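Reading through the structure tokens given below for one structure.
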Amino acid sequence: MTPVGQKQSGERVRARRDLRTAGAAILLLALCGGIWLWMSATASERREKVLATVPTFPVRGQDQQSRRARPAAAPQERAPDRAPPPAPEPAQPARTDPITSFVLKPAPYVALVHVNALLNTPLFARIKECVPVGWRQVTESMEQLGIDVERDVDRVAMMADGMALSGFFEGKPIARNIASQWSEVEERSYRGQTLWMSRSRAVAQVGNLLVLGPRDSIEPLLDRALDPAPAAADPQDVYGDVFVRTDLTALLGSESRRDDATAPDPMSAVLQALSSVVVRANVWDLVALSVEGKPQSGKDVRDLASMARGALAVAKEQLDPGDVDLATLASLAKVDASKDALLIDLALPGSELFDKLHFPCPGAEPQAPGVSAVAP
Amino acid sequence: MLVTMFFALRNDIVQGMAASARQFRAGGIVDGTVLAHALGRGAAAGEYWSLLVGSVVLSALFAPPLLEPRRNTLLLAQPISRADVANGIFLSVWALAVAIFGVSGIAVFAGLRLLGLPVAPGLLLVPLLITVAFAAIYAGVLLATYLFPNGLLAAVVGMTTLLALLVAGNTEAAQPGNARPLAGFFFGILPKLVDLHREAMRLGGDAGMGAFAIGSTVAYTLAMLLVVRIVARRSER
């Protein structure tokens, strides 16, 4: 063998060795890429499942359209949709229904809950599962008043001075039944409606609407329901399974609105710069929450939006990236600034809150042999 | 680094912020433990990026002088291969970085504890993750150095790699659950700098540590070192 031949042979050996080395390098990289794809596919499936359980964010006019794609795992026993109860007073054809008028009139705090919608969500099913005894007590006590909670109650409106319920109450003496449980009941008429008043409380029924509150507030409460909504108020603004409007005085107090020495966290600072907030939420397995805030005069809504985005980014940084569920929900969070309002969309875990925040759920815990979850 | 730490600990602003954090009393779910975890996560993130960026720039200047033909003639006269020299350079720089990261990690942990902030002991493991990330970048820098033996170019390659991986790791497609077949595979083979940063934050927050980001980045480093061996063997001029 010549030296040239030895050199060629050595180069062939070196080339084969380099080829093997390169192959090993490619194999290592391909292994990582493959594992990542497999992990990502698993995470993607999980993400799709989570997204399927998020209801659509509240939108104007949502009652006229299907609000959520029904997930495969959704419970099938959703109660059949019933037509909304007829308005009790057909005297004014163009007016909004009484409970919407009740909500639209100015108040420091007012909330409207679509009970009928909430009762048929997986989240509420979980609550019922957790407190079966408490739920049974509520339904039984309401039955004594003539109300089937799961079928008769449509909406509940609450404010600091009292509340109103709308539902299928026409022809049922619900208010009279409530009053019969009080002592020293006085009965009188106001604007053609009968009021039942005890020393401290009062109730009235206007067809399908019940109004309850302190004795001194019952007449203004009834006025809220019977008078037409203010001309400037748009009934279409009231949407979402849960609707809350507040000027934040109850939450922050007038003292905390003043500039003081303590530096609040970014989200508190955003809240303190708002003059009013409207919170709307749709509920299914999870909660799609939409917050609309009006800034105080002199506050730049774009600055507030930037502050809210910063606060959200900080919160996202605190999340465990391996938790696909929470990461998916965090990806749905959004902050927008319109001309005169700050808009924040958040998707919140609903039933999972019981597990993640360790809320007690005694009804779902395994029972010891011979012990019943529901009291006899 | 230690001198900077010393002056930082004596800084009135730092002392004031630490005192505010110590005095912070929040209700609800933000209790002292949650606050300590949040501080730990922030400290881990700061430690990770500051040490990583600093080390990438400085380490890039080591290898080029060693590869100059006039300097390594005697070295290569010994019974060692060029591939062994490449491995030696990588290991020596890596060992130096490990020592610096380790000491700095202990200094950060001790400093925060001295300030009265009850950060999690997991913060002490953050240098391990910085080491993994550094090794991945330095393997690329060493490869560039063999191809073009210039210190400045190596530093540029190191910083560009770091920035590119930072951007890539933050893209939507690189998040779990968003991967598409081809792009997902591409992101899968890259070093997981951003994921390692998140793992570091988990350690700082007293949570467990995921293995994939570490394993994947180590695999990339090994693959890159294999390529460096090939280039080193063929670098005889």
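The table that follows gives values for the structure above.
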{"item": "Inter-residue pairs, beta-carbon under 7 Å, first within 7 Å of chain A (Cβ to nearest Cβ) and in the range B:184-209, second assigned to a loop (DSSP other than H, G, I, E, B) and surrounded by fewer than 23 Cβ atoms within 10 Å (Cβ to Cβ), 6+ apart", "result": "B:Arg198/A:Pro321; B:Arg202/A:Asp320; B:Arg202/B:Gly208; B:Arg202/B:Met209; B:Ala207/A:Asp320"}
{"item": "Positions within the range B:218-237 being under 18 Å from A:Leu28 (Cα atoms) and within 9 Å of chain A (Cβ to nearest Cβ), in sequence order", "result": "B:Ala219, B:Tyr220, B:Leu222, B:Ala223, B:Met224, B:Leu225, B:Leu226, B:Val227, B:Arg229, B:Ile230"}
{"item": "Meets criteria (modelled with pLDDT under 70 and either exposed (fewer than 12 other Cβ atoms within 10 Å of the Cβ) or not β-branched (Val, Ile, Thr) (or both)) for B:Arg82", "result": "no"}
{"item": "Residue list for the range A:286-336, restricted to those being in a strand (DSSP E or B) and either more than 21 Å from the chain's Cα centre (by Cα) or within 13 Å of another protein chain (Cβ to nearest Cβ) (or both)", "result": "A:Pro295"}
{"item": "Close pairs from the range B:98-113: first in contact (Cβ under 8 Å) with a residue 40 or more places away in the chain, partner surrounded by fewer than 16 Cβ atoms within 10 Å (Cβ to Cβ) and of a type outside the set (Lys, Arg), Cβ under 6 Å, at least 6 apart", "result": "B:Ser104/B:Met1; B:Ala107/B:Leu2; B:Ala107/B:Met5; B:Gly111/B:Met5"}
{"item": "Selection count where residues are surrounded by fewer than 20 Cβ atoms within 10 Å (Cβ to Cβ) and in contact with a strand residue (DSSP E or B) (Cβ under 7 Å, 6 or more places away or on another chain), scope the range A:44-56", "result": "1"}
{"item": "Flag for B:Gly169 being small (Gly, Ala, Ser), in a loop (DSSP other than H, G, I, E, B) and at negative phi", "result": "no"}
{"item": "Residue, farthest from A:Asp234 (Cα to Cα), within the range A:278-288, restricted to residues that are modelled with pLDDT of 85 or more and surrounded by 21 or more Cβ atoms within 10 Å (Cβ to Cβ)", "result": "A:Val287"}
{"item": "Per-region count, the range B:104-121, residues part of a helix (DSSP H, G or I) and under 12 Å from B:Glu47 (Cβ atoms)", "result": "8"}
{"item": "Total residues in the range B:204-224, condition in a helix (DSSP H, G or I) and either surrounded by fewer than 22 Cβ atoms within 10 Å (Cβ to Cβ) or of a type in the set (Gly, Ala, Ser) (or both)", "result": "10"}
{"item": "Segments classed as strands (runs of 3 or more DSSP E), wholly inside the range A:143-194, with at least 1 members that are free of Cβ contacts under 8 Å to residues at least 24 places away in the same chain, assigned by TED's automatic domain parsing to the domain that holds A:Ile99 and exposed (fewer than 14 other Cβ atoms within 10 Å of the Cβ)", "result": "A:186-190"}
{"item": "Complete set of residues in the range B:210-237 that are basic (Lys, Arg) and without any contact (Cβ under 8 Å) to a residue 40 or more places away in the chain", "result": "B:Arg234"}
{"item": "Selection status of B:Arg180, within 11 Å of chain A (Cβ to nearest Cβ), closer than 20 Å to A:Gly322 by Cβ and among the basic types (Lys, Arg)", "result": "no"}
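So that you can scan it fast, the table gives a plain yes or no per residue for (1) modelled with pLDDT of 85 or more; (2) basic (Lys, Arg); (3) closer than 17 Å to A:Leu209 by Cβ:
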| site | (1), (2), (3) |
| --- | --- |
| A:Ala73 | no, no, no |
| A:Gln76 | no, no, no |
| A:Ala94 | no, no, no |
| A:Ile99 | yes, no, yes |
| A:Pro106 | yes, no, no |
| A:Pro122 | no, no, no |
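The values are calculated or read from the model by the stated rules, or taken from the named source; none is laboratory data. Quick caveat, the model's predicted, so the values are computed rather than measured. Neighbour counts run over all protein chains shown; Cβ positions are idealised from the backbone, glycine included.
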